[in-house]
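The values are calculated or read from the model by the stated rules, or taken from the named source; none is laboratory data. Given the structure is predicted, the values throughout are model-derived calculations rather than measurements. Cβ placement follows ideal geometry from the backbone for every residue including glycine, while neighbour counts extend to all protein chains displayed.
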Amino acid sequence: MSQEQPRRPGQGEGDAAIRYGDVFPVAGELADEPVAPRDAAMMQSAESTIFGQALKGGAAAAMESAAARNEQRRAVDHDQFSALPRDQGVTVTQTDVPGQSNLRLVTEFVAGQAVRQYVVGVEGQRGGNKEGERDADVRGGVATWTDKVTIGEALEATGRTAGNRPVEPSDAAAIQAAEASSTGVPGVIPGGVAAAAQAAVISNAWIDREENKTKLGDVLANATERIAADKEATRQYAERVVRAEIRNNPDLETRNGGVANTVAAAARLNERTT
């Protein structure tokens, strides 16, 4: 009876390894390399250096999941690196979003190739990497580096950066314009974000205490999941949202860091990445 030969990482069951090209939009040699546990640990460390913790839905989370499955399949060892990440490392960068000082564009790289990109909020405009400075919940971030920021993602970003503000009529009008731009449906969609915003305006009018009013963060949470056809933010859509917000504001202006400003910033960002 023949004796089974021991497997080397990357062979045997490793033929079914989850590779970088299966997880991220990467090319070349990196796309063919298996995602290894030490690679994921490097990315987790990089995210923690910037945010104080690994990002929910970030590159580290995706890499850890793939690496764990590869380890179960005996495709990689627990203490293994893949060659390119080991030699070239991982990086997390931040840049300002044009026109929005309270937003940052975060890009994550493995071996020099962009694998994730997000728009995240900066709370309180504090400097440094203090705990709580940046919102680590990036469900509204751009899914991959080739994607554009969508209207739903811009709304979620508003909910994170201006989420403590009570919903006002100008907010509801801007949200309805944003939702209509994305879905192509001119009216209010039952169960949608615009319907929730309008309901919040009505209920807030009967509430005296500010802390008891419905806030933007309550209305805009999970906006990407509640918009049926989430389109990328464009200049045309942004102008529509800006007009709606101004028309419904007694001061005839947009709110700083509000819906219109954030959608407009997303549109400008999309133009820059075309």
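Data table
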read-out: Helices (runs of 4 or more DSSP H) wholly inside the range 146-232 containing at least 1 residues that are more than 17 Å from the chain's Cα centre (by Cα), charged (D, E, K, R) and more than 30 Å from Val115 (Cβ to Cβ); value: 169-183, 216-220
read-out: Conditions (1) crowded, with 17+ Cβ neighbours inside 10 Å; (2) assigned to a loop (DSSP other than H, G, I, E, B); (3) at pLDDT below 90: number failed by Asp79; value: (1)
read-out: Output for the range 37-48, where each listed residue is in contact with a helix residue (DSSP H, G or I) (Cβ under 7 Å, 6 or more places away or on another chain) and either more than 16 Å from Phe81 (Cβ to Cβ) or surrounded by fewer than 16 Cβ atoms within 10 Å (Cβ to Cβ) (or both); value: Glu47
read-out: Any hit, the range 255-271, residues being over 25 Å from the mean Cα position of the chain (by Cα) and either of a type outside the set (Phe, Trp, Tyr) or surrounded by 19 or more Cβ atoms within 10 Å (Cβ to Cβ) (or both); value: no
read-out: Selection within the range 53-88 - under 23 Å from the mean Cα position of the chain (by Cα) and either among the basic types (Lys, Arg) or not assigned by TED's automatic domain parsing to the domain that holds Pro25 (or both); value: Lys56
read-out: Candidate set: the range 180-230, residues that are hydroxyl-bearing (Ser, Thr, Tyr) and closer than 20 Å to Asn164 by Cα; chosen: the one surrounded by the fewest Cβ atoms within 10 Å (Cβ to Cβ); value: Ser203
read-out: Filter pass, Thr161 being surrounded by 17 or more Cβ atoms within 10 Å (Cβ to Cβ), within 19 Å of Leu103 (Cα to Cα) and among the polar types (S, T, N, Q); value: yes
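One line per residue, one yes/no per condition, for (1) surrounded by fewer than 17 Cβ atoms within 10 Å (Cβ to Cβ); (2) modelled with pLDDT of 85 or more:
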{"residue": "Ile50", "(1), (2)": "no, no"}
{"residue": "Gln53", "(1), (2)": "yes, no"}
{"residue": "Ala59", "(1), (2)": "no, yes"}
{"residue": "Asp87", "(1), (2)": "yes, yes"}
{"residue": "Pro98", "(1), (2)": "yes, no"}
